[in-house]
């Protein structure tokens, strides 16, 4: 039985920069936990699943909650909340799939606290922001106490609830490359209830369609269907460079199932991947036009 | 570890010396004495602890009191002005929206957060705004109606 208790005692640490935060993490190793929005960590602490001696909060570092647009694309800061994404005019104009994803993310109360980066770092296979960002070709900037590096989101997740961040590292920015004209994006979150559920199956599609109905580019990402959020690259290859038709879409949807390796309910999830990939492709193609 | 904290609740400044592990919910109820905000699930799922931080609804059970400093905190007690009820409160009373009342402060605050951002929401937006609030008694219908009614009053 899981009990929710009051928080355990901890030393509250408030670094003033991301570099300082990284140094604190290195100093205290596995006795320190990083906290951004707190919507994942606080319940874990109350259930005693995580009991850090040092709680390192990012909330006291100014200027980390931003959504910026430049000629390369869109940059999202580490403390940008889901609500920030929900109401951003830049997001709505350039990558509305993320605004639509925020609509199905938990609740209004959670969205005002939870961060996009935090959702990725939870590295849950069902993380709502993961599959849409994979489908957008997002890249992460990693910094902290070690040398700064960038990594495609595709290579970030290493297993259920695990990622490639090393001790002292944290994600300092999400970079979304500029999307081509005539691009449409859709995220379908298949859930039992209408709100507040983790995705049972998540499918994100971003597709670029030219005037002759040829698919110039496509990315399909699946959530909650494998040990990590994954791209369905075989399905993408069926579509890329080819004319879109009912038949090719169906074939791609069937092929997307190959990318799934569900950790639970495999028959159901595989069937849903096929159905929802087909649906997402059709809707995304409509939006692209 | 204890720390001196400055919390501005319903426009009143409070200075309290509190352990940094106390959540905003705990401090509101147990140190400041404002019992309107309720502890339901204590893990951010039920919404009974909803308060506004700078006008935006949050689960106060997931906010460390130390991190609520420097923000305007509004609880259910702070909604009525000089004894005059907020239009949301009036609409909920007139519409018979609540039964036992335990969920209600949270739903009122979630609704207030919505109307702060969208003064004239659609029914779908009203439903979405309280999607993070559980009610065991009512079936939610009259809360949604009440929000739409309150938005028509110009509240």
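The values are calculated or read from the model by the stated rules, or taken from the named source; none is laboratory data. In this text, all values refer to a predicted model and were calculated from it rather than measured experimentally. Heads up, the Cβs are rebuilt from the backbone with ideal geometry, glycines too, and the neighbour counts pull from every protein chain shown.
What are the residues in region A:113-149 that are more than 26 Å from residue A:19 (Cβ to Cβ) and surrounded by fewer than 24 Cβ atoms within 10 Å (Cβ to Cβ), if any?
Once the filter is applied, which keeps residues that are more than 26 Å from residue A:19 (Cβ to Cβ) and surrounded by fewer than 24 Cβ atoms within 10 Å (Cβ to Cβ), region A:113-149 yields A:124, A:126, A:137.
Which members of region A:52-65 meet the condition of being more than 17 Å from residue A:24 (Cβ to Cβ) and over 17 Å from the mean Cα position of the chain (by Cα)? Before you say what the answer is, go through the steps one by one.
As a first pass, look at region A:52-65 and keep what is more than 17 Å from residue A:24 (Cβ to Cβ): A:62-63, A:65.
Of everything in region A:52-65, those that are more than 17 Å from residue A:24 (Cβ to Cβ) and over 17 Å from the mean Cα position of the chain (by Cα) turn out to be A:62, A:63.
Taking residue B:112, is it touching a residue at least 24 places away in the same chain (Cβ under 8 Å), under 24 Å from residue A:103 (Cα atoms), more than 14 Å from chain A (Cβ to nearest Cβ) and assigned to a helix (DSSP H, G or I)?
On the way: touching a residue at least 24 places away in the same chain (Cβ under 8 Å): yes; under 24 Å from residue A:103 (Cα atoms): yes; more than 14 Å from chain A (Cβ to nearest Cβ): no; assigned to a helix (DSSP H, G or I): yes.
Considered against the rule, which asks whether it is touching a residue at least 24 places away in the same chain (Cβ under 8 Å), under 24 Å from residue A:103 (Cα atoms), more than 14 Å from chain A (Cβ to nearest Cβ) and assigned to a helix (DSSP H, G or I), residue B:112 comes out as no.
Given the residues A:98, A:120, which is the only one that is within 26 Å of residue A:4 (Cβ to Cβ) and in contact with a helix residue (DSSP H, G or I) (Cβ under 7 Å, 6 or more places away or on another chain)?
Numbers: A:98 fails: within 26 Å of residue A:4 (Cβ to Cβ).
Among A:98, A:120, only A:120 is within 26 Å of residue A:4 (Cβ to Cβ) and in contact with a helix residue (DSSP H, G or I) (Cβ under 7 Å, 6 or more places away or on another chain).
Residue-by-condition table, conditions (1) closer than 17 Å to residue A:37 by Cβ; (2) out of contact with any helix residue (DSSP H, G or I) (no Cβ under 6 Å at 6 or more places or on another chain):
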site	(1), (2)
B:49	yes, no
B:53	yes, yes
B:59	yes, no
B:72	no, yes
B:76	no, no
B:81	no, yes
B:93	no, yes
B:99	no, yes
B:103	no, yes
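Before we move on, is residue A:276 within 14 Å of residue A:200 (Cα to Cα), in a strand (DSSP E or B), touching a residue at least 60 places away in the same chain (Cβ under 8 Å) and not assigned by TED's automatic domain parsing to the domain that holds residue A:154? Steps first, answer last, please.
On the way: within 14 Å of residue A:200 (Cα to Cα): yes; in a strand (DSSP E or B): no; touching a residue at least 60 places away in the same chain (Cβ under 8 Å): yes; not assigned by TED's automatic domain parsing to the domain that holds residue A:154: yes.
Criteria not met by residue A:276.
Scan region B:63-70 and tell me whether some residue there is surrounded by fewer than 22 Cβ atoms within 10 Å (Cβ to Cβ) and either away from chain A (no Cβ under 14 Å) or closer than 27 Å to residue A:197 by Cβ (or both).
No: zero hits.
Can you tell me which residue within region A:225-243, out of those that are within 19 Å of the chain's Cα centre (by Cα) and either part of a strand (DSSP E or B) or at pLDDT below 95 (or both), is surrounded by the most Cβ atoms within 10 Å (Cβ to Cβ)?
In this case the residue turns out to be A:230.
Starting from residues that are crowded, with 16+ Cβ neighbours inside 10 Å and within 14 Å of the chain's Cα centre (by Cα), keep the ones in region A:158-185 and report whichever is nearest to residue A:286 (Cα to Cα).
Checked region A:158-185; the qualifying residue nearest to residue A:286 (Cα to Cα) is A:176.
Of the residues A:64, A:98, only one is assigned to a loop (DSSP other than H, G, I, E, B), touching a residue at least 12 places away in the same chain (Cβ under 8 Å) and surrounded by 17 or more Cβ atoms within 10 Å (Cβ to Cβ); which? Working first, answer last.
On the way: A:98 fails: assigned to a loop (DSSP other than H, G, I, E, B).
On inspection, the qualifying residue turns out to be A:64.
Sort through B:67, B:43 and tell me the only one that's within 20 Å of residue B:21 (Cα to Cα), assigned by TED's automatic domain parsing to the domain that holds residue B:27 and in a loop (DSSP other than H, G, I, E, B). Give the derivation first.
Details: B:67 fails: in a loop (DSSP other than H, G, I, E, B).
Residue meeting the stated conditions: B:43.
Quick check on residue A:222: is it touching a strand residue (DSSP E or B) at 6+ places or on another chain (Cβ under 9 Å), within 21 Å of residue A:162 (Cα to Cα) and surrounded by 23 or more Cβ atoms within 10 Å (Cβ to Cβ)?
Values: touching a strand residue (DSSP E or B) at 6+ places or on another chain (Cβ under 9 Å): yes; within 21 Å of residue A:162 (Cα to Cα): yes; surrounded by 23 or more Cβ atoms within 10 Å (Cβ to Cβ): yes.
It is true that residue A:222 is touching a strand residue (DSSP E or B) at 6+ places or on another chain (Cβ under 9 Å), within 21 Å of residue A:162 (Cα to Cα) and surrounded by 23 or more Cβ atoms within 10 Å (Cβ to Cβ).
In region A:1-33, what residues are buried (at least 20 other Cβ atoms within 10 Å of the Cβ), more than 14 Å from chain B (Cβ to nearest Cβ) and either in a loop (DSSP other than H, G, I, E, B) or touching a helix residue (DSSP H, G or I) at 6+ places or on another chain (Cβ under 8 Å) (or both)?
A:32 - this is the single residue of region A:1-33 that is buried (at least 20 other Cβ atoms within 10 Å of the Cβ), more than 14 Å from chain B (Cβ to nearest Cβ) and either in a loop (DSSP other than H, G, I, E, B) or touching a helix residue (DSSP H, G or I) at 6+ places or on another chain (Cβ under 8 Å) (or both).
Check off (1) within 14 Å of chain A (Cβ to nearest Cβ); (2) under 25 Å from residue A:14 (Cα atoms); (3) surrounded by fewer than 24 Cβ atoms within 10 Å (Cβ to Cβ); (4) at pLDDT 95 or above for residue B:39 and give me the number that stays unchecked.
For residue B:39, the exception is condition (2).
Can you pull out the residues in region A:129-141 that are more than 13 Å from residue A:118 (Cα to Cα) and part of a strand (DSSP E or B)? Before the answer, list the steps.
We begin by selecting, within region A:129-141, every residue more than 13 Å from residue A:118 (Cα to Cα); these are A:131-139, A:141.
Result: A:139, A:141.
For region B:80-109, enumerate the residues that are assigned to a loop (DSSP other than H, G, I, E, B) and farther than 14 Å from residue B:153 by Cβ. Quick ask: steps written out before the conclusion?
Taking region B:80-109 first, the residues assigned to a loop (DSSP other than H, G, I, E, B) are B:80, B:82-83, B:85-86, B:95-103.
Passing the criteria: B:80, B:82, B:83, B:96, B:97, B:98, B:99, B:100, B:101, B:102, B:103.
Please verify whether region B:5-25 includes one or more residues that are facing another protein chain (nearest Cβ under 9 Å), surrounded by 22 or more Cβ atoms within 10 Å (Cβ to Cβ) and within 20 Å of residue A:47 (Cα to Cα).
yes
Residue check, residue B:34 against (1) within 11 Å of the chain's Cα centre (by Cα); (2) more than 14 Å from every other protein chain (Cβ to nearest Cβ), all met but one. Which one?
The one condition residue B:34 does not meet is (1).
Testing residue B:132 on (1) assigned to a loop (DSSP other than H, G, I, E, B); (2) surrounded by 22 or more Cβ atoms within 10 Å (Cβ to Cβ); (3) more than 16 Å from the chain's Cα centre (by Cα), one condition comes back false. Which one is that?
Condition (3) is where residue B:132 drops out.
Which condition number does residue B:60 fail, the rest of (1) surrounded by fewer than 17 Cβ atoms within 10 Å (Cβ to Cβ); (2) within 13 Å of the chain's Cα centre (by Cα) being met?
(1)
Among the residues of region B:115-142, what is the count of those that are within 14 Å of another protein chain (Cβ to nearest Cβ) and under 19 Å from residue B:79 (Cβ atoms)?
Number satisfying all stated conditions: 11.
Here is a list of conditions, (1) more than 27 Å from residue A:218 (Cβ to Cβ); (2) assigned to a loop (DSSP other than H, G, I, E, B); (3) modelled with pLDDT of 95 or more, and residue A:147 meets all of them except one; can you say which number that is?
For residue A:147, the exception is condition (3).
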